[in-house]
Amino acid sequence: LLLMSLGMSLFSASNSASMLNTVDPAAHGVTAGLVNLCRNSGNVIGIAFGTVIVTLTMARAGFPASLSALDPAADPRLLAAFARGVDIAALALTAIVSVVLAILVVWAWRARARPPRSAGLAIPPSSSETPLPDRTPGPSA
């Protein structure tokens, strides 16, 4: 929990600032709302995914699929099934994060390897063309 809090505090502020710097100031409210929606949705889905894995592991071991039976005085086999479920959930979430990270690294590497696109010019300018003369009016005398 401490590690997650440290990572979120280091990442969230700079990530939010970089996203807000890319949009028009009038859209900062909508952008911040969308960022928080995505962040909270990810947290809820991650917790639900972990809880499903833990309770299914407990049910597979022959115990009720409920976290309400957990307390220090519970059957040691129930506590072992719970701990095994937490281990499996951690491994599964680590695998998912690793796959997503690998996909993002490959995507970034391929994007960097592509030649840069022209800035919307239909015909790229050649180096032999002479520049157009400056026709802006100068100061009046």
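Out of the residues in the range 104-123 that are open to solvent by less than 80 Å² (accessible area, probe 1.4 Å) and part of a loop (DSSP other than H, G, I, E, B), which is modelled with the highest pLDDT?
Among them, the one singled out is SER118.
Given the criterion under 19 Å from MET4 (Cβ atoms), open to solvent by 80 Å² or more (accessible area, probe 1.4 Å) and out of contact with any strand residue (DSSP E or B) (no Cβ under 8 Å at 6 or more places or on another chain), identify the matching residue among LEU101, LEU93.
Result: LEU101 is the single residue among LEU101, LEU93 that is under 19 Å from MET4 (Cβ atoms), open to solvent by 80 Å² or more (accessible area, probe 1.4 Å) and out of contact with any strand residue (DSSP E or B) (no Cβ under 8 Å at 6 or more places or on another chain).
Take THR130 and tell me if it is at pLDDT below 95 and surrounded by 10 or more Cβ atoms within 10 Å (Cβ to Cβ).
No: the conditions fail for THR130.
Condition first: modelled with pLDDT under 90, open to solvent by 60 Å² or more (accessible area, probe 1.4 Å) and of a type in the set (Val, Ile, Thr). Now tell me which residues in the range 20-79 satisfy that.
THR22
I'd like the full set of residues that are assigned to a loop (DSSP other than H, G, I, E, B) and not β-branched (Val, Ile, Thr), limited to the range 21-69. Give the derivation first.
We begin by selecting, within the range 21-69, every residue assigned to a loop (DSSP other than H, G, I, E, B); these are 22-24, 61-66.
Correct list: ASP24, ALA61, GLY62, PHE63, PRO64, ALA65, SER66.
The values are calculated or read from the model by the stated rules, or taken from the named source; none is laboratory data. Computed from a prediction, not measured in an experiment: that's the story for all the values here. For neighbour counting, all protein chains shown are included, and Cβ atoms are generated from backbone atoms with ideal geometry for every residue, glycine included. Only protein heavy atoms, including side chains, enter the accessible area calculation; ligands, DNA and RNA are left aside. Shrake-Rupley method; radii C 1.70, N 1.55, O 1.52, S 1.80 Å.
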